[in-house]
Amino acid sequence: MSLHALTLHDLHGKLKRREVSSVEITESVFQRISSTEEKLHCYITLCRDAAVQEAKRADERLKRGDASAPLLGIPVALKDIFLTRGLLTTCASKILGSFTPPYDATTVRKLKEAGAVVTGKTNMDEFAMGSSTENSAFAATRNPWNPERVPGGSSGGSAAAVAADQCIAALGTDTGGSIRQPASCCGIVGMKPTYGRVSRYGVIAFASSLDQVGPMTKDVTDCALMLEAIAGHDRSDSTSVDAPVPDYAGFLNGDIKGLRVGIPKEYFIHGMQPEVEQGVKDAIRVIEKSGAGVEEISLPHTEYAVAVYYIIATAEASSNLARYDGMKYGYRAAARDLTETYMKSREEGFGAEVKRRIMLGTYALSAGYYDAYYLKAQKVRALIKRDFAEAFRKCDAIVTPTAPTTAFKIGEKTQDPLQMYLSDIFTISVNLAGLPGLSLPCGFDGDGLPIGMQIIGKHFDEATILRLAFAYEQATEWHKKKPPL
Amino acid sequence: MKITREEVQRVAALARLQFSPEEEEILTGQLDKILQYVEKLDRLDTADVEPLAHAVDIVNAFRDDRVANQPSPDSLLANAPAREKDFFKVPKIIE
């Protein structure tokens, strides 16, 4: 198998044994990018020269016998929402079309210190608002399993790049499902950690009470290694939590005997794709056979999650995106006076979905509507969090489908925002409750598109999720399948 | 109708956005559909529920107010749409 097709932990072993060099791996990844990128559009910015330089430095460290960090010399892609010092960062928006950050996000700094090789910045829905990566100001990313389909979103470029072996692993962000839903669409592993587990410093803000950074990888072991590398308290992010970071990979022993797994009945709904329902139910039987106890549970407020989310996330976004005024950075339109400068810069700089959400959020926060919309949504958010707290008295982890369908067709939902929003119906509650959640592949539909299973855990209990996911992965072969590129 | 054309215009002004008449019409319809969907929250009695702003219990994360990094003016001004010496150049605010 070519080097680009291998996992992070396989390559780490090879690097440690000095069987390959980081430069060779990096060259292999960039060859793969050259041969597939025209078809897929995973990246907004590539940095081949800098990557080769970083790979050389990693090889120097390896030569000195410094092989402890699993990410040393590994090519990693970053969603274009992470600030990268000296490297164009657009958030897939025209308004940041020429923005070059003066500093690195904490997660980027941690990856660099661990010796990771940055391949480039991946495509996304503008400001992470979307579920298909069609809202990018630059290009729509294609699904490696079928280029007529979306890769999911908003971290669709990162998901497609991992699935197509255009990087070894990637970082995404998840506000309502933006790591897990594209991971599901592209047949990879993606995890949204507990809110506060990973620093958000230097991550362009969408909805600050929901945003979280997480790994997107080829298998569960890689996910555990990436999470350990980026997790932990950061004094630059006052919402990050000062809790010890466990050795996540140490939990991957394949033993889930006695683990109690809850299956919420509200996540198997009328209108979902029958093959998705079947695929997840088959997966649950595999989990049961591996020794876990499975029982039905109820999360009664599930049906309200999308409504709550589209008030809270848009309200926070309308406030966060007020900073794009064309004064200190970003796009400034030519205009007659100050107000017109604001108006025209924002009109020309933002895409349609971003404007729609700013409008919805501004409306929900405006005088006369605040109580009816924003306050009401916050109260129902409390009920959704309470549902999970009740459920976790009876179980250690919850298993659901990640999305109601497999990857949909490009253009299928762009004219109907509400239909697009509903593709996040199974992932949104997890953000509202601040819980960790992971998606991993659990089968394929009749068109050969991957199906994703979601595992949800208790606050700061990513270890149990990873343990369960690994046991399932060991019992199946889905993660070894590659798209026909 | 949950939202009118006039309200869309008012909210656009608050958000410092502007739309063409055609965009405004489409947007009014889309926002109306979304707000009708959101109306389902009214079915729940939340009179005794405390609103939740934040999912994880953190209260006031204090730290010392010390300068930790001092980027050069050049690095901070590098992205300015317009610059004069070490200042951001902006449109006139007071006539």
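Each value in this text was obtained by applying a stated rule to the coordinates, not by laboratory testing. If you're wondering where the values come from, they're calculated on a predicted model, not measured in any experiment. Cβ coordinates were reconstructed from backbone atoms using ideal geometry, including for glycine residues, and neighbour counts include every protein chain displayed.
Values computed for the structure shown
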item	result
Positive-end residue, the range A:8-101 charge dipole about Cα centroid, Cβ charges, pick of A:I81, A:I95, A:L46	A:I81
Net charge of Cβ neighbours under 12 Å - reference B:E50; Lys, Arg +1; Asp, Glu -1	+3
Relative contact order %, the range A:1-101, counting alpha carbon pairs below 8 Å whose residues are six or more apart	27 percent
Computed E for A:K63/B:E84 - FRET, C-beta separation, R0 56 angstrom, nearest 0.05	0.70
Lysines whose Cα lies under 27 Å from that of A:K458, excluding same-chain neighbours fewer than 8 positions away	A:K79, A:K110, A:K192, A:K218, A:K257, A:K265, A:K281, A:K289, A:K376, A:K379, A:K385, A:K394
Using alpha-carbon coordinates, inclination of helix B:21-38 to the longest axis of chain B, degrees	70 degrees
Antiparallel content of DSSP bridges confined to the protein assembly as shown, in %, to 5	65 percent
CD proxy at 222 nm, helix term only [per DSSP H run n ≥ 4: -39500 (n - 2.57); per residue of the protein assembly as shown; nearest 500]	-11000 deg cm²/dmol
Normalised contact order of chain A, rounded percent, pairs of Cα under 8 Å and 6 or more residues apart	18 percent
Reachable aspartates and glutamates, given that their alpha-carbon falls under 19 Å from the alpha-carbon of A:K56 and they are not under 8 places away in the same chain	A:E19, A:E24, A:E27, A:D66, A:E113
Cα long-axis angle, helix B:5-14 against chain B (0 to 90 degrees, to the nearest 10)	20 degrees
Rounded if a/c under 1.5, otherwise prolate or oblate - chain B, Cα gyration tensor axes	oblate
Choice from B:D32, B:D64, B:D48 showing the highest fluctuation, given a GNM over chain B with Cα pairs closer than 10 Å	B:D64
Potential extension, A:V294-A:M1 segment - 0.36 nm per residue separation minus Cα distance	101.7 nm
Of the trypsin sites (Lys or Arg not before Pro) in the range A:108-159, those whose Cβ has at most 11 other Cβ within 10 Å and which sit in DSSP loop	none
3J(HN,Hα) from dihedral phi, the range A:181-195, Karplus parametrisation 6.51/-1.76/1.60, rounded to Hz, x for glycine, proline	5, x, 4, 5, 5, 9, x, 10, 9, x, 10, 9, x, 3, 4
Efficiency of FRET between A:L418 and B:S20 - r from beta-carbon atoms, R0 22 angstrom, step 0.05	0.45
Qualifying trypsin sites (Lys or Arg not before Pro) for the range B:1-79 [loop in DSSP, other Cβ within 10 Å: at most 12]	B:R63, B:R66
Residue-count net charge about B:A61 - beta-carbon cut-off 14 Å; Lys, Arg +1, Asp, Glu -1	-3
Computed label-point distance, nm, for sites B:A47 and A:V286 using a 7 Å Cα→Cβ extension	5.0 nm
Gain upon complete extension [B:N69, B:Q9; 0.36 nm per residue less C-alpha separation]	17.3 nm
In nm, spacing of pseudo-spin labels at A:S236 and A:D337 (7 Å Cα→C-beta vector)	4.0 nm
Cα shape, the range A:373-485, gyration tensor, a/c 1.5 rule	oblate
Computed label-point distance, nm, for sites A:E390 and B:V59 using a 7 Å Cα→Cβ extension	2.7 nm
Chain B: most fluctuating residue of B:Q30, B:Q18, B:Q70 per GNM, C-alpha cutoff 10 Å	B:Q70
The range A:248-265 - phi-based ³J(HN,Hα) in whole Hz, Karplus 6.51/-1.76/1.60, Gly and Pro as x	4, 4, x, 7, 8, 10, x, 9, 10, 4, x, 5, 9, 10, x, 10, x, 5
Cα gyration tensor category, rounded, prolate or oblate, for the protein assembly as shown with a/c compared to 1.5	oblate
Neighbour count of at most 10 Cβ within 10 Å plus DSSP loop: longest GluC sites (Glu not before Pro)-free window in chain A	A:20-476
